[in-house]
Amino acid sequence: MKTLTLLRHAKSGWDDPALRDFDRALNAKGKRAAAMMGTHLRNSGLAFDHVVASPAVRVVETLAGVESGYGRTLAPVWDRRIYLASAVTLLDLVHEVPAATERLLLVGHNPGLEDLALWLVPISEDPLRMALESKYPTATLAEMTFAGDWADLKPGAAQLTKFVRPRDLDASLGPDED
């Protein structure tokens, strides 16, 4: 079984209207949420043998926060195609992952990550799937497993095994407005 984990960047600030979207940094809540998700990864024993991430500032800062809580370096491959990518583009990126990879972490943006997760996981009454359908807040992690190779992953072929929002770990980190 392969494991695909999607992590949406943490909450960013909008306090500088002249700043390009790509250059927006995390706000204080986002920094706390990123570190909390890193601690959750560590406490859950989650590990990744390949990490691919958007190079947008808010993703870079999210991963720095995650690493501080996680206690280890993730060493992502930065791929600009992830920035504001559609689910189709993200699935194309997943198809390119080295075959030897067992556990992939993909870090990026909505709506692409949410659309990808909804596309890969069949519609059901499963509480995790229903939570995913409801909202994919910032700094949220969705973990899916599937049989086969990365290049063969198709819509409806994955099982959602985790859907963890920052507010699930610390009520002060929710609800999210985006």
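The values are calculated or read from the model by the stated rules, or taken from the named source; none is laboratory data. Keep in mind it's a predicted model, so treat the numbers as computed, not measured. Glycine also receives a Cβ, built like all others from the backbone with ideal geometry; neighbour counts cover every protein chain displayed. Ligands, DNA and RNA are stripped out before the accessible areas are found, and what is left, the full protein with its side chains, is counted by its heavy atoms. Shrake-Rupley method; radii C 1.70, N 1.55, O 1.52, S 1.80 Å.
Numbers for the structure displayed
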{"item": "Interchain or long-range residues, amide H under 5 Å from Ala10's placed H", "result": "Thr62, Ala139"}
{"item": "The stretch 62-67 - phi-based ³J(HN,Hα) in whole Hz, Karplus 6.51/-1.76/1.60, Gly and Pro as x", "result": "4, 5, 4, x, 4, 4"}
{"item": "Antiparallel DSSP beta bridges within the chain, as percent of all bridges there, nearest 5", "result": "50 percent"}
{"item": "From the C-alpha gyration tensor of the stretch 60-102, square roots of 5λ in Å", "result": "23, 15, 8"}
{"item": "Positive-end extreme of charge dipole, the chain - chosen from Ala64, Leu141, Thr161 (charges on Cβ)", "result": "Ala64"}
{"item": "Between helix 28-43 and the chain: long-axis angle, C-alpha atoms, 0 to 90°, nearest 10", "result": "40 degrees"}
{"item": "Placed amide H near Leu105: partners under 5 Å, 5+ positions off or other chain", "result": "Thr5, His50, Val51, Val52"}
{"item": "Relative contact order [Cα under 8 Å, 6+ residues apart], the stretch 1-59, whole percent", "result": "43 percent"}
{"item": "Thr161 long-range amide H proximity, modeled H, under 5 Å", "result": "Glu143, Met144, Thr145"}
{"item": "Count of lysine pairs in the chain with Cα separation under 15 Å (8 or more residues apart, or interchain)", "result": "6"}
{"item": "Share of carbon and sulfur in the accessible heavy-atom surface of the chain [1.4 Å probe, %]", "result": "55 percent"}
{"item": "Over the chain: helical MRE at 222 nm, DSSP H runs n ≥ 4 each giving -39500 (n - 2.57), nearest 500", "result": "-10000 deg cm²/dmol"}
{"item": "Electrostatic dipole magnitude of the stretch 34-178 [Cβ: Lys, Arg +1; Asp, Glu -1; Cα centre; debye, to 20]", "result": "260 debye"}
{"item": "Solution diffusion estimate, µm²/s, Stokes-Einstein, the chain, Kirkwood Rh from C-alpha pairs, 37 °C, viscosity 0.692 mPa s", "result": "205 µm²/s"}
{"item": "Cα→Cβ-extended label distance, 7 Å offset, between Thr73 and Asp15, nm", "result": "3.1 nm"}
